[in-house]
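Encoded as structure tokens, the structure appears first; notes follow it.
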Amino acid sequence: QVQLVESGGGLVQAGASLRLSCAASGRTSSNYAMAWFRQAPGKEREFVAAIARSGAYTCNADSVKGRFTISRDNAENTVYLRMNRLPPEDTAVYYCAARSRLGLGLQDHEYAYWGQGTQVTVSS
């Protein structure tokens, strides 16, 4: 089992950048594919980005392509989400998730382990 703790959220102005971190503890994070999801007020949780166990493969949602980059450092058991050119529409609680199955999952039900989330608020 793995425990996940997100950090790095905050209040920023439109156009700014943020980097979220997800620290994994328990089992080695390299045993898990990892992903970021987000949930805005009044909306369902949605997929943002995923990364394979080795980091060799990634997948981004269309809404964040070209602006967000997911990466991982397995030596540090940490996954990152670099977010650039943030508009107010990116305001949400961002969640880190892990799955032990092979492949990149794009649906939240494909992930068994979740962090508590970190709030990102982008002001206009």
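The values are calculated or read from the model by the stated rules, or taken from the named source; none is laboratory data. Predicted model, so just to flag it, every value in this text is computed and none were measured. When we count neighbours, we look across all protein chains shown, and the Cβ atoms used for this are built from the backbone with ideal geometry, even at glycine. All accessible areas refer to the heavy atoms of the entire protein, side chains included, with ligands and DNA or RNA removed. Shrake-Rupley method; radii C 1.70, N 1.55, O 1.52, S 1.80 Å.
Using a probe radius of 1.4 angstrom, the carbon and sulfur fraction of the accessible surface of the chain is 45%.
Averaged over its residues, the chain has an accessible area of 51 Å² per residue, based on protein heavy atoms and a 1.4 Å probe.
Among residues other than R38 whose Cβ falls under 12 Å from its Cβ, what is the net charge (Lys/Arg +1, Asp/Glu -1)? Result for the neighbourhood of R38: -4. Surface calculation, 1.4 Å probe, protein heavy atoms: W114 sits at approximately 70 Å² accessible. Taken about its Cα centre, region 1-112 carries a charge dipole of roughly 200 debye when the Cβ of each Lys and Arg holds +1 and the Cβ of each Asp and Glu holds -1.
How high is the FRET efficiency between Q107 and A23 when r is their beta carbon distance and R₀ equals 25 Å, given to the nearest 0.05? For R0 = 25 Å, the calculated efficiency reads 0.55.
Grouping the Cα pair distances of region 1-54 into 5 Å bins from zero gives a pair-distance distribution of 4, 14, 20, 26, 20, 10, 6, 1 percent in increasing distance order.
Look at the dipole of the chain built from charges on Cβ: of G8, A61, N74, the Cα furthest out on the positive end belongs to N74.
Once divided by 2.2 N^0.38 Å, the Cα radius of gyration of the chain becomes 0.97. Label-to-label distance for S100 and Q116 is 2.5 nm, based on points extended 7 Å past Cα in the beta-carbon direction.
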